[in-house]
Amino acid sequence: MSSMKGFTRLLIFSTVLVIISSCLNRQFIDGRAEIGSSLDTTLHDSSFVFGHIYHVDWSVNEYYLENQFEVWVENSDLKTTNDTSGYYSLKMTPGTYTIKCQSTYNEWERLIEEVKSLELLKNTKTEINFYIGNTVE
């Protein structure tokens with residue numbers, strides 16, 4: 001009789017698990033990054049990365065909480081957050097970097113936007129605008 005109760009519990013648990021899984025049909029809307037560079041000799045041989053962070057397919061004017069997004073350089077301590085207009089900036093030494101951006105509320109690795117192997121030259125301003133993706137169910 002106890003094996004029958006165990007089987008019934010397992011059956012109920014499996015059914016609930018299937019129902020929950022079918023309700024979580026999460027779809028991802030991917031983001032992107034746009035890049036542009038310009039020469040600026042006032043940087044004294046350093047590089048400057050700046051830009052804005054936007055949501056993909058946002059139908060209203062963007063409103064940002066300060067520190068809503070984080071921008072960082074992979075394998076370094078360089079990082080920053082946005083201001084209330086979505087703006088961010090980093091002053092860096094010339095080199096080749098991977099720069100990433102994500103919402104501080106993000107829990108999915110797929111929603112981290114990145115620019116890989118970006119070569120930053122001396123006296124260069126590089127604008128990277130990140131468009132952060134989202135999820136829908």
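What follows draws every value from the coordinates through simple rules; no lab data is involved. Not measured: the values here are computed from a predicted model. Note that we place each Cβ from the backbone using ideal geometry, even for glycine, and neighbour counts take in every protein chain shown.
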Computed about the Cα centre, the charge dipole of segment 75-137 from +1 Lys/Arg and -1 Asp/Glu charges at the Cβ has a magnitude in debye, to the nearest 20, of 340 debye
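Based on the Cβ-Cβ distance of TYR87 and GLU109, what FRET efficiency does E = 1/(1 + (r/R0)^6) give at R0 = 25 Å, to the nearest 0.05?
0.50
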For LYS122, LYS5, ascending order of other Cβ atoms within 10 Å (fewest first) is LYS5, LYS122
Per the rule of 0.36 nm per residue minus the C-alpha distance, extending LEU121 to THR96 adds in nm 8.1 nm
Shape call for segment 63-137, from the Cα gyration tensor axes a ≥ b ≥ c (a/c under 1.5 means rounded, otherwise prolate when a/b beats b/c, else oblate), comes out prolate
Put in order of increasing Cβ neighbours within 10 Å, starting from the fewest, PHE50, PHE69, PHE28 give PHE28, PHE50, PHE69
Straight-line reach check, LYS100, cutoff 27 Å on alpha carbons, 8 or more apart in-chain or any other chain, hits among lysines -> LYS79, LYS91, LYS116, LYS122, LYS125
